[in-house]
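Data block below; observations after.
The values are calculated or read from the model by the stated rules, or taken from the named source; none is laboratory data. Everything numeric in this text was worked out from a predicted model, so none of it was measured. Glycine also receives a Cβ, built like all others from the backbone with ideal geometry; neighbour counts cover every protein chain displayed.
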Amino acid sequence: MELRVSNWLIDRWATGLAGLAHWAKAIRQSVLASAVIVATLMADCWLLGLDMAFRYAVLDGTELPNWFNLSQEMGLGEIFEHVMTALGICALLMLFYRHRRRQIAMATILLALVLADNALQLHEQVGVVLGGALPTDLLLPPHQIGELLFLSAFALVALATLAPLFHKDIVPVEQAMLLIVALIGFAAIFGIAVDAVHAMLATGSLQEVVAGSLEDFGELVGISLAGAFAVAVAAADPIPATNR
């Protein structure tokens, strides 16, 4: 039984790497797809620079515009995340129209849930509600624990989305969905684990500043690249003959 599970995991890991290699080559061959990925990475690094400048300026008693801060609601970072997520949803809808595969539909729904959570601040609101039923003498503030519980449930939904992608005859477009969900999972690690560490650090300390930047930047990279990769796949993906 253990050997069977081990072989299954190795096989799926090889499938993921094969998908990454396939789309890396396809994106490299498309000028538009390559430009989307490079521009997104450049924008992420630029936003990180602004965020670090804002946070360290606060330590020195200097004020910079709040929209430099990646944690700021409707700051530059959050707006960029919204734009990239929305573009990713549009790209996935286009891919679904071309291929009619349920895995694409599930990835689209997952990305739409990410956009809804970020835009409507769902995990913050649910965190306050759940936190009201928790004790106040815990390691983390009750609302923070409530947020972590909500995001953990969201992560389980993402894992459930992966399940239909784990089949023997997976095709390249399904491999792309696997990578998009993995990028969302990457963002979730920062939103859950790094956020928990960040909440335990002394407010205003250098450690808290570094952890805050790392948390927000990890989420930004994961979500923005998920959207960018969806757009790149749509640009590099050949249109099926039946849809031409």
From the set of residues in region 198-222 that are closer than 16 Å to TRP46 by Cα and of a type in the set (A, V, I, L, M, F, W, C), which is modelled with the lowest pLDDT? LEU214
As an exercise: evaluate GLN121 against (1) at pLDDT below 75; (2) over 20 Å from the mean Cα position of the chain (by Cα) and give the number of the one condition it does not meet. (2)
Which one of these is part of a loop (DSSP other than H, G, I, E, B) and touching a residue at least 12 places away in the same chain (Cβ under 8 Å): GLU78, GLU73? GLU73
For region 155-179, what are the residues that are buried (at least 18 other Cβ atoms within 10 Å of the Cβ) and modelled with pLDDT of 75 or more? VAL173, GLU174, GLN175, ALA176, MET177, LEU178, LEU179
Tabulated pairs, region 34-61, first on the phi > 0 side of the Ramachandran plot, second of a type outside the set (Ser, Thr, Tyr) and assigned to a helix (DSSP H, G or I), C-beta under 8 angstrom, 6+ apart or interchain: none
